[in-house]
Each structure stands twice: as C-alpha cells, then as structure tokens.
Amino acid sequence: MPLKSNLRSAGRIFPLVVALLLAALVAVPTSNLALAQSPPPDELTLVNADREFVERKGDGQFVARPRFDRQIEVLFYGVRDADTGDWITGMYRVIGGEKKHSDGWEYSWEYPKLDEQPDLDKDRAYLLVMLVRETATSEPQTFHAVIPEHQPGRIWDKILAALNPGRWARAFAGWVIEGVHGTLCGVVERASGDDADNCGDR
C-alpha cells in the first residue's frame, strides 16, 4: 500500500515538474533575445543650437558654423524663404571645414561658393536647412537655423542691435532691456560724437 501511494504521489508531481521545465526552456531563449537587442541609436545633437552660428555679411553672403556633438560623415545644406518656405537654393554638400572642439565637431562653410548659387538679400532673413548623416548608411537627420539679416559692422552697433527691444525675441523683461539699450545709446553717442545707427528704433 505505501508503494501505490508513493506512485500516485509521483504521478501527480511529474506533470508539474514537466510543466516547470518547459516554462524554463521557453523563458531562456526569450530572455536571451531580449538581452541581445541593441538599444536604439542616440540622435545627433546640434551643440550650439541655442546660439547664433550663422554670420551674415554686408553683401548678402553668410558663414555658417554649426557644431555637432560628434563627428559626422555627410552634411548637406540648402536655403529656404523664411516667410513662404519656398526653396531658394538646391541642396549642397559640405566637404571639409571640420574642426574639433571640447564639446563637439564644428563644420564651417561660406555662401555663396559656386557661381550658380543665387544672391541673398542682406536685409532679409532666411532659413538654413541642414541634412546630416553620422555615417553614409545611417538615417538622415534634419536641423534648421536662421540666417539673420545683416547687422552694421561697428562693434557698438552690434551690441546695441542685440539689446534693441524690437529685435530681442526672448526678452521676458522688455523694460529692463529697453532701459539698458537707452543708456548704452547715450553713452555710445557721447563717446563717439555721432549718432549710433541702432538708436533710432527705441
């Protein structure tokens, strides 16, 4: 009788053991697959996106100096109308001009560089479109920047233009900027003996 009882107990336990073994066998490859999956690639970052890195020239030309958080292999750029979004130029590839910095890689180029590239109005802003690939086979990423209007070349005029309330897009305390701008205008005019170009818009 004890033998039959033991056999019945073993018969009840055996299916449970088999089920646990099967579950373990199924779980092992599943967990291995999960561990083998690589994390999604992190995207490129435009390090100086919050700074003005497009320098406008008096004849409508510009120099762009975008800086990315790592070295890239492919960089194209084009120019669009800031108001309508229409393309002003085609897309052009940047060759060379890279420079290593502590916070990333800077790529610089001048516009225009080719005879067929159209002239840009120095008194109008445009949109710079950059198409970037980290490697030749990686997914492209698009970055945008403003090509600003040309500012007068004198250093004091550039400072005053930057503080002009009418051009200070991020001024959360306009009265502070306006006060500083007015004070600097007076100082510059007294020091230089002539009217500063950017004091008329106060």
* For the pair R133 and D42, how long in nm is the line joining their label points, each one 7 Å along Cα→Cβ? -> 2.3
* Structure fact -> Heavy-atom accessible area of M91, protein chains in place, probe 1.4 angstrom, given in Å² to nearest 10, is 80
* How many nm is it between the label spots at V63 and T142, if each spot is 7 Å from the Cα in line with the beta carbon? -> 2.9
* Extension reserve of the R70-D119 stretch, reckoned as 0.36 nm per residue once the Cα distance is removed -> 14.5 nm
* How much length is gained if the chain between W105 and D50 is pulled fully straight, taking 0.36 nm per residue apart and subtracting their Cα-Cα distance, in nm to one decimal? -> 18.2 nm
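The values are calculated or read from the model by the stated rules, or taken from the named source; none is laboratory data. These numbers come from a predicted model, not from an experiment. Note that we place each Cβ from the backbone using ideal geometry, even for glycine, and neighbour counts take in every protein chain shown. These accessible areas exclude ligands, DNA and RNA; they are computed on the full protein's heavy atoms, side chains included. Shrake-Rupley method; radii C 1.70, N 1.55, O 1.52, S 1.80 Å.
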